[in-house]
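Okay, so here's the structure we're looking at.
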Amino acid sequence: MSRPIRYIALIFGCSVSLFVLFVAMSFSRLDDAYAQWGAADMVIEYMDDNDGRWPQDWSDLQPYFDAGGGRVSGWSYDKFQQHVWIDFSADPIELNRLSQTTTAPPFNVIDSTSIFGPQFDDGPNGMLLRHFNPDAPNSTPPTDATVELAQ
């Protein structure tokens, strides 16, 4: 085999291996998408229960996790915190202001701690955008389909 063909085969093999690794890591972190969804739910519930205030730290959200599990079953609260990042210094008044003039989340205040952490739809920040601005478009609106069961 000639040297250029060996190099091409090596580069191709490495590329395929990296792609497979990336896909495997993404699937193994699928619970991160649920955890981010759960974190956004908990933050929104916290704000609803506390006159619009943003949680100060993880201890503010623990009762909400204890009540619902953060959308990931079998995780401890410690594991949940290791997989989700929340900017506890965020200003809900500023987030609300930013949400009024955009159709996509202009902020990133909840995310995965992993670069392989996938998100559902427009992620937890999209959920916050629609919390602050219910008229903001949903990137994946619910369908109006009906299901009929066969007898």
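On the basis of being open to solvent by 80 Å² or more (accessible area, probe 1.4 Å), more than 18 Å from Asp32 (Cβ to Cβ) and without any contact (Cβ under 8 Å) to a residue 24 or more places away in the chain, does Asp78 make the cut? Break it down stepwise before answering.
On the way: open to solvent by 80 Å² or more (accessible area, probe 1.4 Å): yes; more than 18 Å from Asp32 (Cβ to Cβ): no; without any contact (Cβ under 8 Å) to a residue 24 or more places away in the chain: yes.
Spelling it out, it is not the case that Asp78 is open to solvent by 80 Å² or more (accessible area, probe 1.4 Å), more than 18 Å from Asp32 (Cβ to Cβ) and without any contact (Cβ under 8 Å) to a residue 24 or more places away in the chain.
Restricting segment 24-59 to residues that are at pLDDT 85 or above, part of a helix (DSSP H, G or I) and of a type in the set (Gly, Ala, Ser), which is surrounded by the fewest Cβ atoms within 10 Å (Cβ to Cβ)? Explain how you work it out, then say what you get.
Just the residues of segment 24-59 that are at pLDDT 85 or above, to begin with: 32-59.
This time we only want the ones that are part of a helix (DSSP H, G or I), so: 32-49, 58-59.
If we keep only those that are of a type in the set (Gly, Ala, Ser) as well, we get 33, 35, 38-40, 59.
Numbers: Ala33: 20, Ala35: 27, Gly38: 23, Ala39: 27, Ala40: 23, Ser59: 9.
If we take residues in segment 24-59 being at pLDDT 85 or above, part of a helix (DSSP H, G or I) and of a type in the set (Gly, Ala, Ser), then Ser59 is surrounded by the fewest Cβ atoms within 10 Å (Cβ to Cβ).
Considering only residues that are surrounded by fewer than 15 Cβ atoms within 10 Å (Cβ to Cβ), over 17 Å from Glu45 (Cα atoms) and under 15 Å from the mean Cα position of the chain (by Cα), which ones fall in segment 81-105?
Selection gives Gln82, Ala104.
Considering only residues that are touching a helix residue (DSSP H, G or I) at 6+ places or on another chain (Cβ under 6 Å) and polar (S, T, N, Q), which ones fall in segment 30-61?
Passing the criteria: only Gln36.
Kindly provide the set of residues from segment 66-104 that are under 28 Å from Asp135 (Cα atoms) and assigned to a helix (DSSP H, G or I), ordered by number. Working first, answer last.
Narrowing segment 66-104 to residues under 28 Å from Asp135 (Cα atoms): 68, 70-71, 84-104.
Listed by number, the residues that qualify are Gly68, Gly70, Arg71, Pro92, Ile93, Glu94, Leu95, Asn96, Arg97, Leu98, Ser99.
What are the pairs with Cβ atoms under 9 angstrom where one residue, in segment 82-107, is under 19 Å from Pro55 (Cβ atoms) and without any contact (Cβ under 8 Å) to a residue 24 or more places away in the chain and the other, located anywhere, is among the polar types (S, T, N, Q) and in a helix (DSSP H, G or I)? Sequence gap at least six, or different chains.
Hits for this filter: Phe107/Ser99; Phe107/Asn125.
Would you mind stating whether Gln62 is free of Cβ contacts under 8 Å to residues at least 24 places away in the same chain, assigned to a helix (DSSP H, G or I) and of a type outside the set (D, E, K, R)?
Details: free of Cβ contacts under 8 Å to residues at least 24 places away in the same chain: yes; assigned to a helix (DSSP H, G or I): yes; of a type outside the set (D, E, K, R): yes.
In short, yes.
The values are calculated or read from the model by the stated rules, or taken from the named source; none is laboratory data. Just so it is clear, the structure is predicted and the values come from calculations on it, not from any experiment. Cβ atoms come from the backbone with ideal geometry, glycine included; neighbour counts cover every protein chain shown. Remember, those area values only see protein heavy atoms, side chains included, never the ligands or the DNA or RNA. Shrake-Rupley method; radii C 1.70, N 1.55, O 1.52, S 1.80 Å.
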